[in-house]
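S.K.: Below is a structure I'd like to ask you about.
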Amino acid sequence: MNLSFNLEDASQVAIGSFALAVPISFSEEAWRIGEKLPLSNLFLVFILSVTFLSFFAYGSVFQSNIKYRVPVFVVRIIIAYLIAAFVVALVLSSLDKFPLLTEPDIALRRLIVITMPASMGAIIVDSFDKE
């Protein structure tokens with residue numbers, strides 16, 4: 001089993017992210033949650049995202065075997081989260097709901113909220129061909 005991160009993996013992560021980012025990004029509720037959620041809760045959402053992303057990758061992508069591949073595991077989690085966040089940013093930008101230049105605080109808040117489910121979609125699709 002090859003667990004390096006390649007273009008095929010990146011495309012799977014992007015597709016999985018897109019599958020969950022699109023319906024949630026169209027939700028005014030998600031936009032408002034991102035605007036109004038206290039920073040402590042946003043931090044918790046981020047931590048939950050990375051934690052569950054890690055649990056799923058550990059059990060499914062790496063089949064509970066990271067003893068000699070911890071750096072690869074960590075890098076895969078970081079890359080998956082960043083690709084998911086990039087996809088969410090693109091979707092929100094296309095909807096004119098990612099005001100990064102005018103209201104960066106709101107843009108980043110929305111990004112964190114919507115990247116949570118998008119990152120799970122990303123890692124799930126990434127795990128499909130790992131057997």
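The values are calculated or read from the model by the stated rules, or taken from the named source; none is laboratory data. What you see is a predicted model, and the numbers here were worked out from it, not measured in a lab. Cβ placement follows ideal geometry from the backbone for every residue including glycine, while neighbour counts extend to all protein chains displayed.
S.K.: Is it the case that L111 is within 11 Å of the chain's Cα centre (by Cα) and either buried (at least 18 other Cβ atoms within 10 Å of the Cβ) or modelled with pLDDT under 95 (or both)?
M.R.: Working: within 11 Å of the chain's Cα centre (by Cα): yes; either buried (at least 18 other Cβ atoms within 10 Å of the Cβ) or modelled with pLDDT under 95 (or both): yes.
Taking the combined requirement at face value, the residue satisfies it.
S.K.: Another question about this same structure. Take the residues of segment 45-97 that are over 23 Å from S25 (Cα atoms) and within 12 Å of the chain's Cα centre (by Cα): which is modelled with the lowest pLDDT?
M.R.: R76
S.K.: Right, another one. Under the condition of being of a type outside the set (A, V, I, L, M) and surrounded by 13 or more Cβ atoms within 10 Å (Cβ to Cβ), which residue from segment 58-79 is nearest to F5 (Cα to Cα)?
M.R.: Narrowing segment 58-79 to residues of a type outside the set (A, V, I, L, M): 58-60, 62-65, 67-69, 71, 73, 76.
Next, from what is left, pick out any that are surrounded by 13 or more Cβ atoms within 10 Å (Cβ to Cβ): 58, 60, 62-63, 69, 73, 76.
Values: Y58: 15, S60: 15, F62: 12, Q63: 16, R69: 13, F73: 10, R76: 7 Å.
Looking at residues that are of a type outside the set (A, V, I, L, M) and surrounded by 13 or more Cβ atoms within 10 Å (Cβ to Cβ), I get R76.
S.K.: Please state which of the following conditions S11 fails to meet, knowing it meets all the rest: (1) at pLDDT 95 or above; (2) within 18 Å of S119 (Cβ to Cβ); (3) small (G, A, S).
M.R.: The one condition S11 does not meet is (1).
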